[in-house]
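See structure below.
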Amino acid sequence: MIIIICQRLLKNTKISGITLFPFILLRKSEYRQNSTLINHERIHIRQQLELLVVPFYIWYLTEYYLRYLKYKNPDLAYRNISFEREAYANEHNPDYLMSRKFWSFFKYI
């Protein structure tokens, strides 16, 4: 079960949505209708489940900092995290999660 919440905490950020299992937090309530954004965040839910949630966050942050050291740019570091690469590559495919193989994010490392 996925719980979608429109969160005021994201109001003054450029973040459209963030997934903190089992929640998808959205900056604006109208983003509930954005199927691409919701699909992107649902891909993160699946990734988090595969890695049993806490290890996902450890891996995510570790990869972010390694990418930041490489690129010296926070946006480039974020965009090159394997989890984000998988989600961005497949966010426009509403059927992706039905055919996605276990630990598919490995293809994006």
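FYI, it's all coordinate maths here, none of it is from the lab. On a predicted model such as this, the values are computed, not experimentally measured, just so you know. In this analysis, Cβ positions are derived from the backbone assuming ideal geometry, glycine residues included, and neighbour counts consider all displayed protein chains.
Restricting Asn34, Asn73, Asn12 to those that are surrounded by fewer than 15 Cβ atoms within 10 Å (Cβ to Cβ) and under 18 Å from Tyr88 (Cβ atoms) reduces the list to Asn73.
Just give me the residues in segment 31-81 being closer than 17 Å to Ile2 by Cα and polar (S, T, N, Q), in sequence order. The answer is Gln33, Asn34, Ser35, Thr36, Asn39, Gln47, Gln48.
Within the option set Arg46, Arg42, being of a type in the set (Lys, Arg), under 13 Å from the mean Cα position of the chain (by Cα) and closer than 24 Å to Arg8 by Cβ holds for one residue only, Arg42. When Phe106 is tested against (1) farther than 21 Å from Gly17 by Cα; (2) in a loop (DSSP other than H, G, I, E, B); (3) in contact (Cβ under 8 Å) with a residue 24 or more places away in the chain, only condition (2) is not met. Can you name every residue in segment 64-103 that is outside any loop (DSSP other than H, G, I, E, B), over 18 Å from Ile15 (Cβ atoms), in contact (Cβ under 8 Å) with a residue 24 or more places away in the chain and not hydrophobic (A, V, I, L, M, F, W, C)? Listed by number, the residues that qualify are Ser82, Glu86, Asn90, Tyr96.
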